[in-house]
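First comes the structure, then the notes that go with it.
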Amino acid sequence: MRDFGLQIAVVDNGFVYIGYIHLEDGFFVIKNGYNVRRQGTTAGYGQLAMNGPTKDSGLDEVPLTLVPYSRLVHFIQCNPEKWDHKIENPGVN
């Protein structure tokens, strides 16, 4: 198992998630995640990752989510301090 921490995950079918992610048995496991329906920023996903959500961000809570390894396009590393009010670190287990 490999832990990636808090990331925005862009999936090849257009879905974008944010959550604590680890790789397990060929799947990226997203815990305490949200589907990013609307960035709500003026400077894209990078701003969202580094500064946290804005009042205009559209985030829909999702249950434990599994993304096949081959479906991931890329990650954007997030600043956990800007997200800790929204997403709790579940630890890896």
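The values are calculated or read from the model by the stated rules, or taken from the named source; none is laboratory data. Predicted model, so just to flag it, every value in this text is computed and none were measured. Because the Cβ atoms are built from the backbone with ideal geometry, glycine has one as well, and the counts that use them run over all protein chains shown. Note: accessible area is taken over every heavy atom of the protein model, side chains too, but ligands, DNA and RNA are not part of it. Shrake-Rupley method; radii C 1.70, N 1.55, O 1.52, S 1.80 Å.
Near Phe28, the amide H atoms lying under 5 Å from its own belong to Val67, Tyr69; only residues 5 or more places off or on other chains count, and H is placed 1.01 Å from N. When all protein chains stay in place and ligands, DNA and RNA are ignored, the 1.4 Å accessible-area order of His74, His85, His22, largest first, is His85, His74, His22.
The trypsin sites (Lys or Arg not before Pro) of the range 1-92 meeting both criteria, a DSSP state outside H, G, I, E and B (loop) and at most 16 other C-beta atoms within 10 angstrom of the site's C-beta, are Lys55, Lys86. Nonpolar atom fraction for the range 1-66, defined as the carbon and sulfur part of the 1.4 Å probe accessible area, stands at 50 percent.
Give me P(r) over the chain, computed from all C-alpha to C-alpha distances, binned every 10 Å, as integer percentages. For the chain, the pair-distance distribution reads 18, 56, 25, 2.
Whole-Hz Karplus values for the range 82-88 come out as 7, 10, 5, 6, 10, 10, 7 Hz, taken residue by residue from phi with 6.51 cos²θ - 1.76 cosθ + 1.60 and θ = phi - 60°; glycine and proline positions read x.
Rounded to the nearest whole Hz, the Karplus-based 3J(HN,Hα) values (6.51 cos²θ - 1.76 cosθ + 1.60, θ = phi - 60°) of the range 59-70 follow the sequence 10, 10, 4, 10, x, 2, 10, 10, 10, x, 3, 6, with x at glycine and proline. Taking amide H positions as modeled 1.01 Å from N, with prolines and chain starts lacking one, the residues under 5 Å from Gly5 and 5 or more places away or on another chain are Ile21.
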